[in-house]
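The values are calculated or read from the model by the stated rules, or taken from the named source; none is laboratory data. Bear in mind that the values here come from a model prediction, so they are computed numbers and not experimental data. All Cβ positions, glycine included, derive from the backbone under ideal geometry; neighbour counts span all protein chains shown. Side chains included, ligands, DNA and RNA excluded: accessible areas come from the protein's heavy atoms. Shrake-Rupley method; radii C 1.70, N 1.55, O 1.52, S 1.80 Å.
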Amino acid sequence: MKIIISGKGGSGKSTIAILVAKALKEKGYRVLLIDADESNACLHQLLGIQEQVVLLDNLGGKKAFKKKMNQTFPPPDDFFYTRTKIDDIPEENITEAGGIKLLTMGKIHHSGEGCACPIGVLSKKVLSNLEIGDNEVVVIDAEAGVEHFGRGLDTNCDLILGVVDPTFESFTMAGKMLEMAEKAGINISLILNKVDTRVEKAMSEQVDQSRVLVRIPYDEDIFMASLEGKELQGAISEFDNVCSLVDEFKKD
């Protein structure tokens, strides 16, 4: 199963991606976490990895990747051109922490280096060719916003989990995500994040409750770990609903 974690910047999207990955790992699944957000600089640290390995850099950077993509007969030894299992991804492109494998697609490193389009193309190509085993789940931390819908990244996935934090912008984006997912024919559920007594009523009124899978209460420890760039620790029982959804998908 391939799950995209979507949401606006600052909604807690990357934090949720890691916590979902950890919950699935605890339930016995083999988990590959894909960092497809070119602007996020610290997901690896929140997972407990000090130095990230960037796939696009290992492929020679944007120019080298574009050159490969423009070849009439691309080299067959590049794993992203053919059907690939998680274990077939070259070890030099993978880092791991707590039994969760991390594949980082690409990052914007320098001013003026150009757009993130090659990173989007690479992400789509990898996901479209990635074969998932019965006991495997891929969790994708997508770029902030809804650009991944435009790139068609979601068409290679089985489920979108839209993260909604207590801001009006996030409420508006939740509606947009639901609309776009429905038109694309992709299953989507929402995760309400940073919920407390001050905002619970507003979130309930602004978001389609029939699509809410999980409500994550505000957690001071998680907030401080994210603030300080430390590994996220502990389990959140609310993610059992996500694991149950994956279990049902696997049965089908």
Over its alpha-carbon atoms, the chain yields an Rg and a Dmax in Å of 17.7, 59
Once normalised by the length of segment 85-187, the mean sequence separation of its alpha carbon contacts under 8 Å that are 6 or more apart gives a contact order in percent of 21
Of 237, 39, 128, the most mobile residue in a GNM of the chain (C-alpha springs, cutoff 10 Å) is 237
Interchain or sequence-distant (5+) residues whose placed amide H lies within less than 5 Å of the amide H of residue 188 are 160
Stokes-Einstein, Kirkwood over Cα pairs, segment 140-217, 37 °C, 0.692 mPa s; D in µm²/s equals 257
Loop-resident trypsin sites (Lys or Arg not before Pro) in segment 219-252 with no more than 15 other Cβ atoms inside 10 Å, DSSP not H/G/I/E/B, are 230
Within the under-10-Å Cβ sphere about residue 85, not counting residue 85, Lys/Arg +1 and Asp/Glu -1 give a net charge of -3
Residues meeting the amide H criterion for residue 34 (H placed from the backbone, H to H distance under 5 Å, 5 or more places apart or on another chain) are 103, 139, 140, 141
Between the modelled labels at residue 108 and residue 211 (7 Å from Cα along Cα→Cβ) the distance in nm is 2.7
In debye to the nearest 20, the charge dipole size for segment 105-210, taken about the Cα centre with +1 at each Lys and Arg Cβ and -1 at each Asp and Glu Cβ, equals 280
In nm, the gap between the two label points placed 7 Å beyond Cα toward Cβ at residue 87 and residue 202 is 5.0
With a Förster distance of 22 angstrom and the Cβ-Cβ distance between residue 134 and residue 53, calculated FRET efficiency to the nearest 0.05 equals 0.20
A correct Kirkwood calculation over the Cα atoms of segment 181-235 returns a hydrodynamic radius in Å of 13.2
Going through 183/251; 25/250; 67/125 one by one, the pairs whose alpha carbons sit over 20 Å apart turn out to be 183/251
Charge dipole of the chain built from unit charges on the beta carbon (Lys, Arg +1; Asp, Glu -1), centred at mean Cα; most positive-end Cα among 20, 149, 206 is 149
Averaged per residue, the 1.4 Å probe accessible area of the chain, protein heavy atoms only, in Å², is roughly 48
With -39,500 (n - 2.57) per DSSP H segment of 4 or more residues and division by the full residue count of the chain, the 222 nm estimate, nearest 500 deg cm²/dmol, is -11000 deg cm²/dmol
Expressed in square angstrom to the nearest 10, the accessible area of residue 248 with a 1.4 Å probe stands at 90
Interchain or sequence-distant (5+) residues whose placed amide H lies within less than 5 Å of the amide H of residue 85 are 131
Counting only DSSP beta bridges fully inside the chain, the antiparallel percentage to nearest 5 is 10
The answer for the per residue Cα convex hull volume of segment 1-123, in Å³, is 120
So, with points 7 Å from each Cα along the Cβ direction, the residue 183-residue 70 label distance in nm works out to 3.2
With x for Gly and Pro, the residue-by-residue ³J(HN,Hα) of segment 185-200, computed from phi through the Karplus equation 6.51 cos²θ - 1.76 cosθ + 1.60 at θ = phi - 60° and given in whole Hz, is x, 10, 5, 9, 10, 10, 10, 7, 10, 6, 7, 9, 5, 6, 10, 4
For 163-169, 140-146, 193-199, 11-17, ranked highest to lowest by mean beta-carbon neighbours within 10 Å, the order is 11-17, 140-146, 163-169, 193-199
